[in-house]
Amino acid sequence: MRDRGEMVKKVFLSGIAGTGMSALAGLFKEAGWQVCGSDSRFYPPVDRLLAGLGVTMFQGFAAANIPGDVDLCVIGNAISRGNPEAEFILDRRLEYLSMAEALERFFIHGRRSVVVAGSHGKTTTASFVAHLLDVAGLRPGFFIGGKPGNFPANYRLAAGDFFVSEGDEYETAFFDRSAKFFKYRPELLLLTALEHDHIDFYRSEESYLQSFRNLVNQVPGSGRIIVNGDYGMARRAVERAFTPVDFYGGAGNAHEISALAPAGGGYDFTLAGPGATRSFHSPLPGPYNVWNLAAGILLADELGLPAAAVKKALATFSGVERRLSLLGAARATVFLSDFAHHPTAIAGVLAGLPDAYPGHRVIAVFEPRSWSLRRNFFQDRLPDALAGADEVVIKDVFEKEKIPAAERLSVDALRAALEARGRTVRVCEDYAAIKATIGSLDLARSQVVILLSNGDVRDYTDWVHDLCLRVTERG
């Protein structure tokens with residue numbers, strides 16, 4: 001039997017190319033493990049990330065991929081029974097964990113766990129909290145579902161006492177159908193906007209709410225819960241909490257956001273709490289981001305961080321990739337991209353564009369890509385959400401043949417509803433048609449073209465980059 005104290009430990013990640021699993025691979029590498037893993041395909045930028053880390057990658061799943069002397073296997077939630085690696089791991093009684101279990105056991109355990117959960121805003125809020133703690137000199141570790149603009153990656157080992165996690169409410173693995181966020185054992189919990197989502201996993205609103213109630217019950221009485229009180233479901237989630245709760249949001253919350261005014265591409269605002277009213281500035285576009293940042297400010301209050309650190313963190317926070325991200329500009333036309341995957345998020349993104357780009361016509365390129373958007377669950381809500389644009393370009397439903405017609409989002413009905421609201425609508429079968437449509441625009445017109453999709457959109461974004469470059473070179 002080999003001496004484990006003298007040899008580098010080996011971990012194998014099955015399904016390594018996902019956002020979370022590739023970040024976990026990075027954490028293991030930073031911690032000194034030898035890392036290898038497999039997936040069906042490796043797309044940029046994950047392939048470059050893993051190669052840069054020195055991770056051994058196997059394309060395709062096979063029992064032979066797993067090292068004979070592996071110490072630990074991590075099975076991603078994209079892996080199902082019948083997968084040859086999963087079957088080999090189970091048959092050989094190899095040590096295995098889910099991604100969330102491995103994250104807690106090796107990287108969160110022993111730290112002060114800060115978890116940011118909710119339906120919308122959790123990636124931006126978690127990124128701001130990590131940045132805030134870093135500015136305050138607390139050297140936090142973090143694990144976030146998007147790429148924070150202030151850090152080179154979406155993960156980092158903790159050098160201090162805190163670890164910040166984006167709490168994903170989706171299922172953990174084929175052998176654990178509970179939410180990932182239950183594994184992170186929060187001491188400090190931030191609940192952002194909360195409404196029924198992930199309808200493939202949570203068939204009812206009550207089941208979705210109950211998952212968050214169970215998360216709330218994990219927070220110790222000595223901890224703290226910070227909640228967006230503008231959402232009734234969020235209030236219901238904490239109504240029986242044994243932990244002190246702070247509510248933030250609009251009128252009626254103990255910490256009230258008010259005096260919201262566009263300024264310098266972002267917003268000035270005040271946050272009024274018991275005994276004090278303070279003024280702040282957010283450099284981020286989108287009024288909803290003020291709510292995301294307010295949660296971080298209240299966490300700073302709970303931790304007793306200096307006001308100067310909070311002010312500096314706000315001023316220097318650069319947001320998250322694919323959240324109102326600038327793709328480029330050509331003449332008077334600005335191209336943006338956002339991950340919007342829910343009618344509430346879509347409406348919020350579009351509502352903030354007139355403040356950021358006054359006088360610009362808004363053209364929304366919408367791809368129904370998420371599990372929920374591809375179905376007719378949000379059929380009645382999407383027209384109002386997309387009506388924030390002057391013109392809408394709708395891509396046909398992603399892999400629509402896999403969805404029964406009776407359950408599928410009706411693009412024709414969506415188009416008719418938007419046209420009834422006075423919007424110009426075009427439907428495109430694929431991204432080639434979208435590029436042809438956008439390419440025919442008069443770029444000298446003041447307009448914002450924003451892509452709304454949570455899918456792989458590199459083909460479109462690369463095309464936009466090339467378009468802007470060609471127009472700039474021609475002058």
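The values are calculated or read from the model by the stated rules, or taken from the named source; none is laboratory data. Everything numeric in this text was worked out from a predicted model, so none of it was measured. FYI the Cβ positions are ideal-geometry reconstructions off the backbone, even for glycines, and counts take in every protein chain you see.
Residue-by-condition table, conditions (1) within 17 Å of S98 (Cβ to Cβ); (2) of a type in the set (S, T, Y); (3) out of contact with any His (no Cβ under 8 Å at 6 or more places or on another chain); (4) part of a strand (DSSP E or B):
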| site | (1), (2), (3), (4) |
| --- | --- |
| G37 | yes, no, yes, yes |
| Y43 | no, yes, yes, no |
| D69 | no, no, yes, no |
| C73 | yes, no, yes, yes |
| I79 | yes, no, yes, no |
Checklist entry - Residues in region 14-28: is at least one closer than 24 Å to G145 by Cβ and surrounded by fewer than 20 Cβ atoms within 10 Å (Cβ to Cβ)? => result yes
Checklist entry - Looking at region 319-326, is at least one residue buried (at least 21 other Cβ atoms within 10 Å of the Cβ), touching a strand residue (DSSP E or B) at 6+ places or on another chain (Cβ under 8 Å), within 22 Å of T19 (Cβ to Cβ) and of a type in the set (K, R)? => result yes
Checklist entry - Does A340 satisfy the criteria of being under 28 Å from L260 (Cα atoms), part of a loop (DSSP other than H, G, I, E, B) and more than 19 Å from the chain's Cα centre (by Cα)? => result no
Next on the checklist: Would you confirm whether or not region 145-159 contains a residue that is in a helix (DSSP H, G or I) and not small (G, A, S)?
Outcome noted: no
Checklist entry - So, in region 439-464, of the ones that are at pLDDT 90 or above and out of contact with any Ser or Thr (no Cβ under 9 Å at 6 or more places or on another chain), which residue ends up surrounded by the most Cβ atoms within 10 Å (Cβ to Cβ)? => result W463
Item to check | Pick from region 436-473, criterion assigned to a loop (DSSP other than H, G, I, E, B) and more than 27 Å from the chain's Cα centre (by Cα), ranking: nearest to G328 (Cα to Cα) | outcome: L443
Item to check | One residue from F175, F181, F201 being surrounded by fewer than 17 Cβ atoms within 10 Å (Cβ to Cβ) and touching a residue at least 40 places away in the same chain (Cβ under 8 Å) | outcome: F175
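Test of understanding: among A300, A294, which residue is surrounded by 17 or more Cβ atoms within 10 Å (Cβ to Cβ), in the same structural domain as P152 (by TED's automatic domain parsing), small (G, A, S) and under 20 Å from the mean Cα position of the chain (by Cα)? Explain how you work it out, then say what you get.
Details: A300 fails: under 20 Å from the mean Cα position of the chain (by Cα).
The match here is A294.
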Checklist entry - Could you list, in sequence order, the residues of region 12-31 that are assigned to a helix (DSSP H, G or I) and in contact with a strand residue (DSSP E or B) (Cβ under 9 Å, 6 or more places away or on another chain)? => result G20, M21, S22, A23, L24, A25, G26, L27, F28, K29, E30
Item to check | Restricting region 56-72 to residues that are over 18 Å from Y43 (Cβ atoms) and among the aliphatic types (A, V, I, L, M), the residue that is surrounded by the fewest Cβ atoms within 10 Å (Cβ to Cβ) | outcome: A64
Checklist entry - Within region 355-395, which residues are in a loop (DSSP other than H, G, I, E, B), within 22 Å of the chain's Cα centre (by Cα) and not small (G, A, S)? => result E367, P368, R369, W371, L373, R374, R381
Next on the checklist: If I ask for residues that are surrounded by fewer than 16 Cβ atoms within 10 Å (Cβ to Cβ) and touching a Phe, Trp or Tyr at 6+ places or on another chain (Cβ under 6 Å), which ones from region 73-92 would you list?
Outcome noted: S80, R81
Item to check | region 396-405, subset assigned to a loop (DSSP other than H, G, I, E, B) and touching a residue at least 24 places away in the same chain (Cβ under 8 Å), residue nearest to G455 (Cα to Cα) | outcome: F398
